[in-house]
Amino acid sequence: MLRNKQVMTNDDKDFLFNVFKNNKQEEISLWGWREEEERLFIQNQFLCQQNSYEIQYPNLDKQLIIYNGQQVGYIYIHRDDKKITIVDLAILKEFRNKGIGKEQILFIQSVAKAANLPIQLSVFNNNPAVILYIKLGFKEVSCNELYHRMEWRPK
């Protein structure tokens, strides 16, 4: 099982959108919208998210996640002098629960430990990844109706 990452280029935008859509489609389909309404909403949300990330994190490290030679997701990481932020980690539904996300987090934890930096992230309340983050030592620092804000600190 070969797993690695590669730096994103502008040619990867379609793949990024497909991963975003793959992660949102199930939830949005419950709303009872027509297919065209769903498509437009997802496109708009994707563009807003990408633009927001560019504004908030100008030096964002964007990488594709590769599993057995296939693109399966992406990870966005921001690092400054005080912390590492996992801005986004998304994996196609059919590749979840294979340890891919865990491997990404463990690698980031090793980098953070070497630099003695905390890791911060936000995750939707209903996202099963919360369980993984807790198992990997993340603690909840705040919560609202949408998100858990979590942090991991090196020991």
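What do you reckon, is residue 66 within 23 Å of residue 9 (Cβ to Cβ), in a strand (DSSP E or B), of a type in the set (Val, Ile, Thr) and modelled with pLDDT of 95 or more? Against the criterion (within 23 Å of residue 9 (Cβ to Cβ), in a strand (DSSP E or B), of a type in the set (Val, Ile, Thr) and modelled with pLDDT of 95 or more), residue 66 does not qualify. Within segment 128-148, is even one residue touching a His at 6+ places or on another chain (Cβ under 9 Å), outside any loop (DSSP other than H, G, I, E, B) and surrounded by 19 or more Cβ atoms within 10 Å (Cβ to Cβ)? Checking segment 128-148: at least one residue is touching a His at 6+ places or on another chain (Cβ under 9 Å), outside any loop (DSSP other than H, G, I, E, B) and surrounded by 19 or more Cβ atoms within 10 Å (Cβ to Cβ). Scanning segment 77-94 finds no residues that are over 14 Å from the mean Cα position of the chain (by Cα), within 24 Å of residue 10 (Cα to Cα) and part of a helix (DSSP H, G or I).
For segment 38-54, enumerate the residues that are in contact with a helix residue (DSSP H, G or I) (Cβ under 9 Å, 6 or more places away or on another chain) and either acidic (Asp, Glu) or in contact (Cβ under 8 Å) with a residue 12 or more places away in the chain (or both). Passing the criteria: 38, 41, 42, 43, 45, 46, 49, 50. Within segment 14-23, the presence of at least one residue that is surrounded by 13 or more Cβ atoms within 10 Å (Cβ to Cβ), among the aliphatic types (A, V, I, L, M), closer than 15 Å to residue 90 by Cα and free of Cβ contacts under 8 Å to residues at least 60 places away in the same chain is confirmed.
Please list, ordered by first then second residue, the pairs with beta carbon atoms under 6 Å, 6 or more apart or interchain, first in segment 114-134 and among the hydroxyl-bearing types (Ser, Thr, Tyr), second modelled with pLDDT under 95 and assigned to a strand (DSSP E or B). So the pair list comes out as 122/147.
Among the residues of segment 91-109, just one is among the small types (Gly, Ala, Ser) and either at pLDDT 95 or above or surrounded by 19 or more Cβ atoms within 10 Å (Cβ to Cβ) (or both), namely 101. Among the residues of segment 36-48, is any assigned to a helix (DSSP H, G or I) and loosely packed, with under 10 Cβ neighbours inside 10 Å? Yes, segment 36-48 contains a residue that is assigned to a helix (DSSP H, G or I) and loosely packed, with under 10 Cβ neighbours inside 10 Å. Only residues that are part of a helix (DSSP H, G or I), within 20 Å of residue 73 (Cα to Cα) and not basic (Lys, Arg) were counted in segment 95-127, giving 10. Residues that are surrounded by 10 or more Cβ atoms within 10 Å (Cβ to Cβ), assigned to a strand (DSSP E or B) and either among the polar types (S, T, N, Q) or more than 14 Å from the chain's Cα centre (by Cα) (or both) occur in segment 49-63; there is at least one. On inspection, residue 32 qualifies as in a loop (DSSP other than H, G, I, E, B) and small (Gly, Ala, Ser). Among the residues of segment 65-85, those identified as closer than 14 Å to residue 16 by Cα and among the aromatic types (Phe, Trp, Tyr) are 74, 76.
The values are calculated or read from the model by the stated rules, or taken from the named source; none is laboratory data. Remember, predicted model here, so these are calculated numbers, not experimental data. As a convention, Cβ positions derive from the backbone with ideal geometry for all residues, glycine included, and neighbour counts pool all protein chains shown.
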